[in-house]
Amino acid sequence: MNLPNKLTLLRIALIPLCLLLWALKLPIPAAAVFALAAVTDFFDGYIARKQNIVTVFGKFADPVADKVLVLTAMVFLCADARIPAWAVSIVAARELLVDGLRLVAAGKGNVIAAGWLGKIKTNLQYFCVIAAMVLPQGHWLTFTLTVLMAAMTLLSGWQYVWGHREIFKNGGK
């Protein structure tokens, strides 16, 4: 197993630790673990591309790890009224829609790579979660990041659907 794939697995392994720290009311350590997990997202992709060691496992596991990291943290934060349910719903709906689109495309032998709006979306999600963890509940910066993150989530979802609308032609055949 190469280093990028190990970093992806590390990101997944850090999720329960982050959530445990949050549940124990240790927001700064929880945010630090979340930030470390988020940083692995950058490095796994960077190293894989730089060293030309992109794998099928990495193409699948990396975006799944990102989504599980963000959504589990957001659900915990929503339960503590630190991120609104409408924002978590937007993120979950977009991720399901884009993953469904990717599955249909894969069934046709096409791979839909992550675009720049999706990368910006993911980073805004990371910053939003960290802000919600470390800032006081209802802080203006968390609210601002939540609105920006939700808008970018919608925009990047639209980009994927519109950019790959040919998949839906002829009933998806």
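Does the range 112-143 hold any residues that are without any contact (Cβ under 8 Å) to a residue 24 or more places away in the chain and either among the aliphatic types (A, V, I, L, M) or in contact with a Cys (Cβ under 9 Å, 6 or more places away or on another chain) (or both), and which are they?
A113, A131, L135, L141
Got at least one residue in the range 158-167 being within 22 Å of I15 (Cβ to Cβ), part of a helix (DSSP H, G or I) and basic (K, R)?
Residues of the range 158-167 within 22 Å of I15 (Cβ to Cβ): none.
No.
Among the residues of the range 33-59, count how many are over 13 Å from the mean Cα position of the chain (by Cα) and of a type outside the set (V, I, T).
Taking the range 33-59 first, the residues over 13 Å from the mean Cα position of the chain (by Cα) are 33, 36, 43-59.
Checking which are of a type outside the set (V, I, T) leaves us with 36, 43-46, 48-52, 57-59.
Adding up the residues that qualify gives 13.
Every residue, every condition in (1) surrounded by fewer than 19 Cβ atoms within 10 Å (Cβ to Cβ); (2) in contact with an Asp or Glu (Cβ under 7 Å, 6 or more places away or on another chain); (3) basic (K, R); (4) at pLDDT 95 or above, yes or no:
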position	(1), (2), (3), (4)
L69	no, no, no, yes
L77	no, no, no, yes
Y126	no, no, no, yes
V147	yes, no, no, yes
V161	yes, no, no, no
R165	yes, no, yes, no
F168	yes, no, no, no
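Quick one: which residue in A61, A32, A23 is in contact (Cβ under 8 Å) with a residue 40 or more places away in the chain and closer than 18 Å to T122 by Cα?
On the way: A32 fails: in contact (Cβ under 8 Å) with a residue 40 or more places away in the chain; A23 fails: closer than 18 Å to T122 by Cα.
Result of the check over A61, A32, A23: A61.
I'm told A81 meets every condition in (1) closer than 19 Å to N123 by Cα; (2) surrounded by fewer than 21 Cβ atoms within 10 Å (Cβ to Cβ); (3) modelled with pLDDT of 90 or more except one. Can you identify the failing condition by its number?
(1)
Kindly indicate whether any position in the range 84-93 is touching a Cys at 6+ places or on another chain (Cβ under 7 Å), closer than 27 Å to A151 by Cβ and crowded, with 19+ Cβ neighbours inside 10 Å.
Within the range 84-93, one or more residues are touching a Cys at 6+ places or on another chain (Cβ under 7 Å), closer than 27 Å to A151 by Cβ and crowded, with 19+ Cβ neighbours inside 10 Å.
Within the group I12, I28, I47, I53, which residue is loosely packed, with under 14 Cβ neighbours inside 10 Å and in a helix (DSSP H, G or I)?
Values: I12 fails: loosely packed, with under 14 Cβ neighbours inside 10 Å; I47 fails: loosely packed, with under 14 Cβ neighbours inside 10 Å; I53 fails: in a helix (DSSP H, G or I).
Being loosely packed, with under 14 Cβ neighbours inside 10 Å and in a helix (DSSP H, G or I) holds for just one of I12, I28, I47, I53, which is I28.
The values are calculated or read from the model by the stated rules, or taken from the named source; none is laboratory data. These numbers come from a predicted model, not from an experiment. Virtual Cβ from ideal backbone geometry, glycine too; neighbours counted across all protein chains shown.
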